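Each remark here refers to the structure printed beneath this line.
What follows is calculated from the coordinates using simple rules that are stated; it is not laboratory data. Quick caveat: nothing in here was measured; it's all calculated off a predicted structure. Glycine gets a Cβ as well: all are built from the backbone with ideal geometry, and neighbour counts include every protein chain shown.
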Amino acid sequence: MCGIIGYVGCEPQSNQVLLDGLKALEYRGYDSAGMAIVVNRDVRVIKTRGKVANLEKKIEDLHLPSSVLGIAHTRWATHGIPNQSNAHPHQHGMVTLVHNGIIENYGELKELLTKQGYVFESETDTEIAAAYLDYVYKKSFDKKQALQEANKAFRGSFAFGIIFADEQDTLYAMRRNSPLIVAVGEHERYIASDVPAILKYTKDYILLDQDEIAVLKKDEVKIYTLDLVERDYEVKTATMDASAIAKDGYEHFMLKEIHEEPRVVKDTMHAYVQDDIDQLVASLPDLRKYQQIHIVSCGSAMYAGMIAKSLIEQAARIRVDVEIASEYRYKHPIYDVPTLVLIVSQSGETADSLAALLLAKSQGVDTMAIVNVIGSSIAREAKYVAYTHAGVEIAVATTKAYCTQVALLSLMALNLAYVHGHVDKKQANAIIQEVQQLPEMLEHMIEDVQYVQAAKIISRHNNVFFLGRGLDYALCMEASLKLKEISYIHSEAYAAGELKHGTISLIEKGTPVIAICTEESLYEKTISNIKEVKARGANVILVVREDFNVGDDYYDYKISVPKVNRLIQGIVSVVPLQLLSYQVANLRGCEIDQPRNLAKSVTVE
Ligand code: F6R
């Protein structure tokens, strides 16, 4: 959700560094882009509508020389349509800045500034922030003090990269609730929304905490708390390298990331257990005392939570509620028994998930995070953290990170079942043996091309339904989201038994219905529901466990999935569904990695 990069160095390399950074951050937003650099002692702002490539072209056409200081931004619009004047950077007086987040009280600040004679060109909250910082700076001409004052005046979330016109060798930054790192080169320093943006230049970075101010010169970084007290910091080294953000010959990042699933699922599982349940018990926090778990997340991460609910409730007999984070944070949750609030998040920065976690913390409730990004805000705030090991995920639609979330949640279900005495050691170890086959199974599923024909059918329609029960219903939710977000086909996921309570009226001759049927105990029920839609003319694509003997009059096209332990059935079965969505979107010529209106890492509410 908006990407920020900033550079201060001894060589005039701003343009290349900033464009490289923006390209690596484009997954966060891609409706407009801009940069500010110092040219002939002037802070020059260049902006364009559309993708970073447009900005690159404009800079080339203008023959803009590089500078030793610059900031840049790729935008996902919140306030104001995607156009050039709403694009960042925004400039007022002495201040030029880029921003990720939302200044919630920008209306009242705008009124105050208008009275002071400020005139605004854009519809953005960010322009107000630039003007406000200029206004307070001009009171004292003390930059840190001005940043402190602005911080206290701004409500909402922000990560800022700032250039002051009267200090052309220094980059300023400040953050609250939006991610920002400071990176350290030899004679260069950087700021970025995320580590991949600077990997081409350095792997060393510093995490900026809530409400902190960073002052960067080419050879030094100073970090101040909001009281303007300088603090020590640790320089961390990223473990990934620049190849993690390359397509490696794949047409799209999404396809590359699906192909990485066997490896990242294996890495995630092996980080917790190799062959013995005691390893798992030792590597996960002891959750025995909790009588209920609230899994609170957004989008696919929440659908991973739905799978976990089914697994944990069935295997460990612990009540699990799955909640949409944006609802949960405002609903006064009930914690009348010992409760664990479990946040699942790839980015670890999703604003609503973070807010839900902070709400639980404020009520004295224990929290746990299942997160992919080390050191992310959610990871830092939670009492317990368990990391997935999916690596960097660039495609906006999650695939491999979702699989690692489900894999880790499945291990958690097994752990809970064991510590609560629902499986003994021998049974648990046998299950661990079984789930070790998962990476191999995933490889097999990725090679399998059964989905290709089904994709041709679906790509010709604008309305699709997914049906399933139990675990398969949770899978339907994820598969349906995947299809609609990248192919723009309207799709609804329904619990198979619920369809006839209204929605079946939408089924007409030829409507594609993708029915998922892998739950042994529910198999006959789902099959009856399939018959009901078939009788109304639906074109049924059946995703079915290979050992279920379903007559060919029940479907028009069949995709078989292998029978595996229920703990991992969801991960195995999701692969053809991910590939199906990918293929449909490809056939329809969609922008698969960067679907319209979307962005990865939703850091605003
Ligand atoms: C869908 C997708 C989103 C994310 C959701 C949560 O393909 O990627 O629905 O799952 O925005 O994001 P994280 O996991 O970063 O909290």
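Points to keep in mind about this one:
- Options Leu228, Gln148, Ile102, ranked by Cα towards positive dipole end of segment 3-244, top entry (Cβ charges): Ile102
- For segment 462-605, taking Cα atoms only, Rg and Dmax work out to 15.2, 49 Å respectively.
- Relative contact order (percent, whole number), segment 448-592, Cα cutoff 8 Å, 6+ residue spacing: 31
- Whole-Å distance, taken between Cα centres, linking segment 410-432 and segment 34-48: 59
- Burial order of peptide ranges 84-93, 7-16, 117-126 (average beta-carbon count within 10 Å, highest first): 84-93, 7-16, 117-126
- All-pairs alpha carbon distance profile, segment 3-244, 5 Å steps from 0, percent: 1, 7, 15, 21, 22, 18, 11, 5, 1, 0, 0
- Considering only the Cα atoms of segment 1-121, their convex hull presents on average a projected area of 7.5 nm².
- Extreme residue, positive dipole direction of the chain, given options Ile507, Ala183, Cys298 (C-beta unit charges): Ile507
- DSSP beta bridge pairing in the chain, given as percent antiparallel to the nearest 5: 60
- Peptides 423-435, 462-474, 569-581 ordered by packing proxy, namely the average of other Cβ atoms within 10 Å per residue, highest first: 569-581, 462-474, 423-435.
- Take every pair of alpha-carbon atoms less than 8 Å apart whose residues are at least six positions apart; their mean separation over the length of the chain yields a relative contact order of 12 percent.
- Estimated dipole of segment 198-329 in Debye, rounded to 20 [Cβ of Lys and Arg +1, of Asp and Glu -1, Cα centre]: 260
- Across q = 0.17, 0.23, 0.26 Å⁻¹, segment 506-568 modelled as identical point scatterers on its alpha-carbon atoms has Debye log10 I(q)/I(0) values of -0.54, -0.91, -1.10, in the order of the q list.
- Compactness of segment 1-44 - radius of gyration and Dmax, Cα, Å: 11.3, 33
- Protection proxy ranking, peptides 73-79, 229-235, 521-527, average beta carbon neighbours within 10 Å, highest first: 73-79, 521-527, 229-235
- Dipole moment magnitude, nearest 20 debye, the chain about Cα centre, only Lys, Arg, Asp, Glu C-beta charged: 900
- Dipole axis of the chain (+1 Lys, Arg; -1 Asp, Glu on Cβ), positive-most option in Ala238, Gly570, Val435: Gly570
- Prolate/oblate/rounded call for segment 247-446, Cα gyration tensor, a/c under 1.5 rounded: oblate
- Dipole size of segment 448-592 about its Cα centre, with +1 on Lys/Arg Cβ and -1 on Asp/Glu Cβ: approximately 240 debye, rounded to the nearest 20.
- Modelled spin labels at Leu506 and Lys115, positioned 7 Å past Cα toward Cβ, are 5.1 nm from each other.
- When you filter the trypsin sites (Lys or Arg not before Pro) in segment 269-324 for DSSP loop state and at most 16 other Cβ atoms inside 10 Å of their Cβ, you are left with Arg288, Lys289, Arg317.
- 3J(HN,Hα) from dihedral phi, segment 465-477, Karplus parametrisation 6.51/-1.76/1.60, rounded to Hz, x for glycine, proline: 10, 10, 10, x, 10, x, 4, 5, 5, 4, 5, 4, 4
- The Cα trace of segment 141-287 gives Rg and Dmax of 19.9, 63 Å, the first to one decimal, the second as a whole number.
- CD proxy at 222 nm, helix term only [per DSSP H run n ≥ 4: -39500 (n - 2.57); per residue of the chain; nearest 500]: -11500 deg cm²/dmol
- Where only C-alpha atoms are counted, convex hull volume of the chain per residue in Å³: 156
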